[in-house]
1. If A:L229 passes every condition in (1) surrounded by 17 or more Cβ atoms within 10 Å (Cβ to Cβ); (2) in contact with a helix residue (DSSP H, G or I) (Cβ under 7 Å, 6 or more places away or on another chain) but one, which one does it miss?
2. For residues that are over 21 Å from B:Q159 (Cα atoms) and among the β-branched types (V, I, T), scanning just segment B:180-224, find the one that is surrounded by the most Cβ atoms within 10 Å (Cβ to Cβ).
3. Just checking, does segment B:397-417 include any residue being of a type in the set (S, T, N, Q) and more than 26 Å from the chain's Cα centre (by Cα)?
4. Can you tell me which residues in segment B:407-438 are facing chain A (nearest Cβ under 9 Å) and either in contact with a Gly (Cβ under 6 Å, 6 or more places away or on another chain) or more than 23 Å from B:L338 (Cβ to Cβ) (or both)?
5. Give the residues of segment B:45-85 that are among the hydroxyl-bearing types (S, T, Y), farther than 19 Å from B:P104 by Cα and either in contact with a Pro (Cβ under 9 Å, 6 or more places away or on another chain) or buried (at least 17 other Cβ atoms within 10 Å of the Cβ) (or both), sorted by residue number.
6. Just one of B:K677, B:K643, B:K671 is under 55 Å from the mean Cα position of the chain (by Cα) and farther than 22 Å from B:H613 by Cβ; which is it?
7. Taking segment B:668-681 only, how many residues are loosely packed, with under 13 Cβ neighbours inside 10 Å and in a helix (DSSP H, G or I)?
Amino acid sequence: MEPLGESVMRTPHNGAVVQRRSKTRSYRRSYRSCLGTTSRLCLTPALTTRRLNASRRAVKPQTLTERVDPAHLALLVKSEWQLSYVTPLYQFRHTQLKSYSKQLSAFIVAERQQGLAVEVSELQNSYRVSLSVLQGLTESENDPETVLIQIHSKPLFAKQDEPQRSVWSGWLTCIQGSPEYLCSLSKDFTCLPLFGSRGPEYLSRVVKSWFQKTFDCCFGPLEINHTSLQWFVALWVDCHSQSNIQHLKMLWTVPAEPPLQIMYTVDPQDAWDLWNSVKKEEAAKEAEEVGCIELEEVSGYLEALKSHFYRHFRLDLSAGILTQVSTALGLAKDTGRIKMSNSRHVIATLTLLTECALLKMPI
Amino acid sequence: MADTLNLSDSDRSSSSDQSVTNRSNNRSLRIAEKERRKNEAEDSFVLAVKYFSEVEEGTPVFGNDQLDRNLEVVEKVAFSKGLSPEAISVLLEFAMSLCMGNSPCVRVLKCLIPASVVPQQAVVRAVVWLNVSKIPISTQVLFIKWVLTVFDLIDAKDQLRAIYGFIFSFITEENLCPYICHLLYLLTRKENVHLYRVRKLLELQSKLGRQPFLMHLLSLYKVFCPELVTLSIPSRIRSGFKSYNLPWKSALMGVQKRNGLQVSSSISSAFTVKEKSISRKRKHCHLDLPALSSALNKEPQSDLTSRRKMVPLVQLSSFSQMLKNMHRIELPAQMGSLLGSSLALQYLDCVQEESTLLRLNFWLGCALHEEFLFCSQTSEEALQFLNNLLSVQHFLQEGFSSSEAFLYKFLNVWDGSLLRPQILGLLSNIPVIPSTQIGRLLFEPLTQLFFTSSLFFKCGLMECLNNMLLKWLTWHSVYALEDDLDISLNSHTSINITLSGFKDSVMELVHFVGRLASLGLQLEGCNTLLLSFILDFYETASDTFLKFDLPLVVMPPPGVFYPALLATDPVSVDRLAYIMHRYKLNLTSAKSQEKRTEQAFHISRQTFLEFNHYLVFMVNCLWNCRMFHANTDLHVREELLHKSNVPQPWARFDFIHHPAFMSYAVDFHQKCWPGRKAVDLDSIKQSKPWSWYLEYLFNQGFDGLKDFVHSSITKQVTPGDERGDSQRR
């Protein structure tokens, strides 16, 4: 499907909706159009414009530590997150996080002991839930603040005085989400499309179910597709000059009988040299594109890696798909698991993932 | 009310008695005797009730013949006719005050069968007695059970609700607790739910454990105040209170039946027995409709008093209730839940707020994408889900935008057979697409599917496109009328479409179907079934001006017209004739309106030319026997015609020799000239038999042909002559 072009992007966001004459049947008019014409809700149509960017900024060395609480940052990096996408939250207020914490903890307790009612305002002994704003983790002014969810609990056979431990954590974020999409939503909705979680599956399920019931949103698995994984390869290799990637590992799955998995490891210096040879000269680029990585550069790089592999092993990787990428900076799996090992690249990673999540939005 | 009922009852019986007396004297004596006895019984009943109202406290029970006698009288009346409201008041007062101790109290309670209603006042007084006199627990339980049984017959509930807190206080009594919980469940309103009551119930819960009665009351509290209490009910537990073994129930039903009263709801209405959800773990979690539940975090600005007045949608159980509370209905926490209840759908139809519909669309879109686009499946649940969605869209008479967005994506990956009826059903609901995009979104994927799929898919798609056209045209005709001059569709689609834009889209659609149909007929060897679906479409397309007020007429392409005209089955020819007749009516009335209002209509000259062209050919072919005339689309070389050895090739497709009508001609010939051995069809062409033959054909039900002949062939002269000035513009 081809993009429609710019006409759609220019729809005004301020929602200058003309009040129509009152009708007996005005039901249909509030529908979001999925077409590109001037929609009443001024939404960028789902089908036509939302695609993965073909060009993105190279990672700037960012010192997030200045903006973000180091404790929070430490929580975010160094662990593997399972990703989901979330449709916009209805009536979510960043100011109400305290009361949400109480509600969620009561909900978890109620779910654990089916059939027993739980008072909401009471402090729960078994589970302590805290929802908090992860201050500073935003990039553009349209992005809503990231929300961090932590669940603490005592182990089953704990001693009386043993402190509660963190058993589950998760976050909802939106980094550099498409401004067209964000602005098109009415103020009743908060768009935090990317959800990462870590911890026991049943807690993830309960937390999701509470969000669904409370903010009328939906969760779905977010896989990282072939193209996005290629982007991760390029983004990480491009950082080698700033922080050593140590190795570039790619896992390819080749459709053979029996299924063949190939781990392709590249020496960091070789990867860097190859990347430089593929990358266009800065001077050749137009002024505004300086510092950007183009999609053709990415696919050119992957082509070069594949042909190198072919030369050695007589095996064409084009037939297979990339399922996992890892460097010292991070790890990404096609099943939707991500690990960000270096705090300097958190923003770039989350930006790409936010984009993927927004692509999954049904409308 | 009870009095009047009783009155009318006796009236009826006496009047019927009279009529009987007139008939037979002998019987009247018997009746009179009966009447006398009845009066006596009534008198004794009145006396008995009087006894109970006046009996002094502390009167001994044992050996009290008077008491026994009166009790017997009361019991007899109660179980046969039921007790009047006054009698109930008196007896309840007698029993609950423990005037004569416990044993008569129990006996009286057991026979308290109301004939019509129970006065609220009496129940309230009795509840007060619960606290004052020292009634044994078992009797208290009996009393509460009685209240539960007759709850629907209590004439008002406002005073009972006023003593909610008083009733609530009995909850600590362990034996009474289940029944009190049930009574509270029936009485609870939003304003009764308070934190201290929640805490009291939770305290009880920790003492008694998982008790269904506590759970149900708490879950009702959760409906009203989800911010106070939360609870998840295991799916295996049936909702509703358990049905106790209530001694009055059968007697009450018997009395009501005898009195001819239909207090339909008795106690059973208090139980909402939900459909048991399938307990096995579902793989397709997105296909479950969420349950209706009240929202937890409401608009923060709405103040407490106005929030108190809101009615959660879950609490409404009938349409009249909904109408009464229309202005203060509180939407559920998850909009998707509306799709599961027919009552909620009625409300959805009046919802104006955009974010509300957006919530619904997010949910629906997510479910469709997750379950059908990202993983295809054909499970029973998927089928049920789509059928449900279809019936909802049918009810609302329009499609959801999320299902539209889903379809545009899905068509590109669809194999054309997965859930075909459902997908085509959803497809026919999509609103008008601007003509600039209709090709890319709709025609490209559909063309691919059409040419690679079976005959049945082709027929299904034709039907779907016909429905789509019908819906578009209907929207137009409804909203064009509303908008007067400003004929645009922007009032009901989010896309601004002007009249000319709308016309373009419709034209694109009709042309697209024309292309598909022409090629489809070729591919399938002019299959009759496919042709029939195609003609369905053109029946709609031919009437755009007269039926739907849209100044646009598009003729079928030759690839459809000729196969239909030369079809071997008479039905297709007949339907084509009908379609041509409708085209003619539409074109002529458009023309005359154009002249009258001097408005520039945009029905192009080309359309008129095409129509005339078809019409001339049709008349020449069926009527004039001049089929291979010059200026027609069918060019067959003379030599080829010679070679075929067909005699009089130009007449082979007239009404007599047309393969579709030949059998009728032969049949007609036999009926007309029964004696003749040799069949000479040409003899029908003489003036008289020809008109008889036409009459005969029309009588076979070929109304299309009849309309066509009457409207397009003006001079009825013998065939062969120059006739039928059919050229009209």
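The values are calculated or read from the model by the stated rules, or taken from the named source; none is laboratory data. Please read these numbers as outputs of a predicted model, since none were measured by experiment. Neighbour counts are summed over all protein chains in view; Cβ atoms, including those assigned to glycine, are modelled from backbone coordinates with ideal geometry.
1. For A:L229, the failing item is (2).
2. B:V198
3. Yes, some residue in segment B:397-417 is of a type in the set (S, T, N, Q) and more than 26 Å from the chain's Cα centre (by Cα).
4. B:Y408, B:K409, B:N412, B:I433, B:P434, B:T436, B:Q437
5. Matches in segment B:45-85: B:S84 only.
6. Working: B:K677 fails: under 55 Å from the mean Cα position of the chain (by Cα); B:K643 fails: under 55 Å from the mean Cα position of the chain (by Cα).
From the options B:K677, B:K643, B:K671, the qualifying one is B:K671.
7. 2
One line per residue, one yes/no per condition, for (1) acidic (D, E); (2) closer than 24 Å to A:L295 by Cα; (3) out of contact with any helix residue (DSSP H, G or I) (no Cβ under 9 Å at 6 or more places or on another chain):
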residue	(1), (2), (3)
A:T146	no, no, no
A:K159	no, no, yes
A:P163	no, no, yes
A:P179	no, yes, yes
A:L185	no, no, no
A:E201	yes, no, yes
A:C217	no, no, no
A:K249	no, yes, yes
